[in-house]
Amino acid sequence: MSEPLLGVIGGSGLYDLPGLTDTGWTRVETPWGAPSDEVFLGRLGGARLAFLPRHARGHRIPPGEVNYRANIAALKQLGATDVLSLSAVGGLRADLPPGTFVVVDQYIDRTVARAPSFFGTGLVAHVSLAHPVCPRLGDHVQAALALQAVPHVRGGTYLCIEGPQFSTLAESQLYRSWNAAVIGMTNMPEARLAREAELCYCSVSMVTDFDCWHPEHDHVTVDAIIQVLLANAQAARTLVAGLAGTITADPKAAACACRHALDTALITAPAARDPAMVEKLRAIASRVLGPAA
């Protein structure tokens, strides 16, 4: 069995961790094109890590133009078994002020222009997404945040919008009426694709400001938001450092349901499958499709 690898998707500074060894950038090509950037590989103690800057180094790619399929496929091809997704969000609840970390457990997807699946004509699959986040990883994240005394909430719905513009006031108020906890632009279709690739996936949303619903929203300054971003980034690095060994050494990981999401998902009969599509999908589904011929 291959050695576990924790994939981390987020800001470009996440890989700046004390004690990280055997480091280097590696270029990955996938059947869905190139990911956002090269992947930074390293080892922290006994844990193998792979860091992928979602928006590329320097934040060059907007949310709607991120190649989410290539990002997830690249981590899968490198041998990732678990994915920790970190992202900055707006808070939709008064009890989630800037600086709060939310361990997301549900999504409402309002994106409209992004490829939502690896599968398609020639090989159709329907994975279960009722519980889109791995609860096992969520337990590890919650424990680490508590140990590090980071303000956090376990559970909450992430409302994903297309962007790149922020919401109108009417939209923000609507999303609050849906009981969404945070709003962002990046976790969908990322979470959907991680499930299709049979990766254990957990999202940590870092609140930087209240969305425009808040009566004090117009008084928030750029300087204040930057200060929160910097503090959140440091807390995120500490979180990754504290989690890496725990996640990759988890004895329960192999039996996690996330890693068997395709067991009953493929609906196209074997004889009717497009051979070219099958070969393409082996990059993320070789466990059920078998190795390349």
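The table that follows gives values for the structure above.
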read-out: Efficiency of FRET from Cβ geometry, Ala56 and Ala257, R₀ 25 Å, rounded to 0.05; value: 0.15
read-out: Gap separating the Cα centres of segment 161-215 and segment 1-57, nearest whole Å; value: 24 Å
read-out: Rounded, prolate or oblate (a/c below 1.5 giving rounded, otherwise prolate when a/b exceeds b/c) for segment 102-170 by Cα gyration tensor; value: oblate
read-out: Overall form of segment 128-221 per C-alpha gyration tensor (a/c, 1.5; a/b vs b/c); value: oblate
read-out: Per-peptide average of other Cβ atoms within 10 Å, ordering 239-247, 51-59, 18-26 highest first; value: 239-247, 51-59, 18-26
read-out: Chain lengthening between Asn179 and Arg273 when straightened (0.36 nm per residue, less Cα-Cα); value: 29.7 nm
read-out: Value of relative contact order over segment 124-280, rounded to a whole percent, pairs C-alpha under 8 Å and six or more apart; value: 37 percent
read-out: Ranked by how many other beta carbons lie within 10 Å on average, peptides 141-153, 260-272, 171-183 from highest; value: 171-183, 141-153, 260-272
read-out: The chain: Rg to Rh, with Rh as the Kirkwood radius over Cα pairs; value: 0.96
read-out: Amide H contacts under 5 Å for Val83, placed H, 5+ residues apart; value: Gly7, Cys200, Tyr201, Cys202
read-out: Average Cα contact separation per residue, the chain, under 8 Å, 6 or more apart, as relative contact order %; value: 25 percent
read-out: Extension gain from Ser2 to Ala34, taking 0.36 nm per residue of separation minus the Cα-Cα distance; value: 9.1 nm
read-out: Modelled FRET efficiency - R0 35 Å, Glu216 with Thr26, Cβ distances, 0.05 increments; value: 0.20
read-out: Under the span-like rule (Cα at least 20 Å along the axis, Kyte-Doolittle mean at least -1.0), DSSP H helices of the chain; value: 222-248
read-out: Dipole axis of the chain (+1 Lys, Arg; -1 Asp, Glu on Cβ), positive-most option in Gly79, Tyr107, Leu174; value: Gly79
read-out: Cα-centre dipole for segment 5-287 with unit charges at Cβ (Lys and Arg positive, Asp and Glu negative), debye to 20; value: 740 debye
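Throughout, read-outs are computed from the coordinates displayed, never taken from laboratory work. None of these values were measured; they are calculated from a predicted model. For neighbour counting, all protein chains shown are included, and Cβ atoms are generated from backbone atoms with ideal geometry for every residue, glycine included.
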